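In what follows, a single structure is set out as structure tokens and then discussed.
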Amino acid sequence: MAEPTSSSGAVNVPPLLDLTIDNITPNTIRINSQSGDARLTYVMARLVTHLHDFARETRLSTEEWMKAIEFLIACGKICSDEFILLSDVLGLSLLVDSINHPKPVGSTEGSVLGPFHTHDAPLLENGSSMTSDPEGEPMLALCTVKDTKGNPIPGVTIDIWETDSSGHYDVQHAGRDSPSERCVMVSDEEGRFWFKGIKPVSYPIPNDGPVGKLLEKLKRHCWRPAHVHFMFKKEGWDHLITALYIRGDPYETSDAVFGVKKSLIVDLEKVDKETAERYGVMEGIWLLKHDFVLTTEKETEELRDKLATEALQKLGLNLKLVDHLPVPDLD
């Protein structure tokens, strides 16, 4: 008797009978391995393997699994951002970014994107103010973008965003009609960009949904240390998503989404008279100074491939890299 085919009539489906705790995994992998896409086949095989092993190792109960499904359904009902938040608090967002964007020594490290980046930030000229919060403590930010050899990089597009003084992003306010505490700038010929904002404050991630309840169950707090987000884009250069964290924040070493790295912790200074006159701000306000260092796409890809090869060898996996991603080496 011929094996049944898929609805397209193109793929033979292996018989799936008498499945048990021990043989369900290889059979699931087998039926998922007919796409012809080596990367998809590998990813699905590892996903199924780890999920099934997790269920076996924990002796997962039906009640627990149903609660997990209900948790995911609840996340989806709130909004798609809840899944970003879940990825963040599980440390997965930072892990994936670290794997895909490894940084050579001396370059700026990445951090988490978070759920509050938008695509409607206004393009502002250097020196502009990105805040409309009268309650915030004024801050001048003076920054540069350079390569790993210290050369300025002009023409870099920089997304910048932070909370207001109440610890809320503009999109969290009902009736938001325009962006605030966010902007897009472009580095000048000397790789410089500068703007007026407010001193960042600590804030809680949204904790009224399923992710917040999970943190409460785990006896974890929901706070992030004070920071400003930055995202750098220019053709030929590795896409950098990062943030600068203010030293001394009470949540500096316990960020709810694992975004803080020592190299991203900065000290705020105060604007002196000369700087105030040069940039048209009041003397004595907060001053943020930082030199960002980007790497080229080529540098990042080479380092990513090197680290991937080393990691796969340690795991004893017979894999090769295709388009910088591991697939089974069947040659």
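The values are calculated or read from the model by the stated rules, or taken from the named source; none is laboratory data. Just so it is clear, the model here is predicted, and its values are computed rather than measured. Quick reminder, even Gly has a Cβ in these numbers, built from the backbone with ideal geometry, and neighbours come from all protein chains shown.
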Item to complete: Those residues that are among the small types (Gly, Ala, Ser) and either loosely packed, with under 10 Cβ neighbours inside 10 Å or over 27 Å from the mean Cα position of the chain (by Cα) (or both), I need them from segment 20-63; list them, please.
Response: Ser33, Ser35, Gly36, Ala55, Ser61
Worksheet item: Given (1) touching a Lys or Arg at 6+ places or on another chain (Cβ under 9 Å); (2) among the acidic types (Asp, Glu); (3) without any contact (Cβ under 8 Å) to a residue 40 or more places away in the chain, where does Glu109 come up short, assuming only one miss?
Response: (3)
Worksheet item: Mind checking which residues of segment 94-122 are more than 19 Å from Ala226 (Cα to Cα) and part of a helix (DSSP H, G or I)?
Response: Leu95, Val96, Asp97, Ser98, Ile99, Asn100
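Could you list all residues from segment 215-232 that are in a helix (DSSP H, G or I) and touching a residue at least 24 places away in the same chain (Cβ under 8 Å)?
The initial filter retains those residues of segment 215-232 that are in a helix (DSSP H, G or I), namely 215-217.
If the condition is that a residue be in a helix (DSSP H, G or I) and touching a residue at least 24 places away in the same chain (Cβ under 8 Å), then Leu215 is the only one that fits.
Restricting attention to segment 274-300, which residues are assigned to a helix (DSSP H, G or I) and among the charged types (D, E, K, R)? Let's see the steps before the verdict.
Initial filter on segment 274-300 (assigned to a helix (DSSP H, G or I)): 274-279, 297-300.
Of everything in segment 274-300, those that are assigned to a helix (DSSP H, G or I) and among the charged types (D, E, K, R) turn out to be Glu274, Glu277, Arg278, Glu297, Lys298, Glu299.
Looking at the structure I just gave you, is Thr253 among the polar types (S, T, N, Q), surrounded by fewer than 18 Cβ atoms within 10 Å (Cβ to Cβ), more than 18 Å from Arg46 (Cα to Cα) and without any contact (Cβ under 8 Å) to a residue 40 or more places away in the chain? Outline the logic, then answer.
On the way: among the polar types (S, T, N, Q): yes; surrounded by fewer than 18 Cβ atoms within 10 Å (Cβ to Cβ): yes; more than 18 Å from Arg46 (Cα to Cα): yes; without any contact (Cβ under 8 Å) to a residue 40 or more places away in the chain: yes.
So Thr253 passes the test.
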Discussion item. The conditions are (1) surrounded by fewer than 16 Cβ atoms within 10 Å (Cβ to Cβ); (2) small (Gly, Ala, Ser); (3) at positive phi, and Gly114 fails exactly one of them. Which is it?
Written reply: (1)
Practice prompt. Please indicate, with yes or no, whether at least one residue in segment 240-253 is farther than 30 Å from Leu90 by Cβ and modelled with pLDDT of 95 or more.
Written response: no
Discussion item. Just checking, does segment 77-99 include any residue being of a type in the set (D, E, K, R), outside the structural domain of Asp147 (by TED's automatic domain parsing) and over 23 Å from the mean Cα position of the chain (by Cα)?
Written reply: no
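Can you name the residue in segment 248-273 that is part of a loop (DSSP other than H, G, I, E, B) and over 24 Å from Asp170 (Cα atoms) and, of all such residues, is farthest from the chain's Cα centre (by Cα)?
Taking segment 248-273 and keeping what is part of a loop (DSSP other than H, G, I, E, B), we get 248-261, 267-268, 271-272.
Applying the additional criterion that residues be over 24 Å from Asp170 (Cα atoms) yields 248, 253-254, 261, 267, 271-272.
Details: Gly248: 23, Thr253: 18, Ser254: 17, Lys261: 13, Asp267: 23, Val271: 32, Asp272: 35 Å.
Within segment 248-273, the match that is farthest from the chain's Cα centre (by Cα) is Asp272.
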Worksheet item: Can you tell which of Leu312, Leu307, Leu317, Leu303 is of a type outside the set (D, E, K, R), surrounded by fewer than 16 Cβ atoms within 10 Å (Cβ to Cβ), touching a Pro at 6+ places or on another chain (Cβ under 9 Å) and in a helix (DSSP H, G or I)?
Response: Leu307
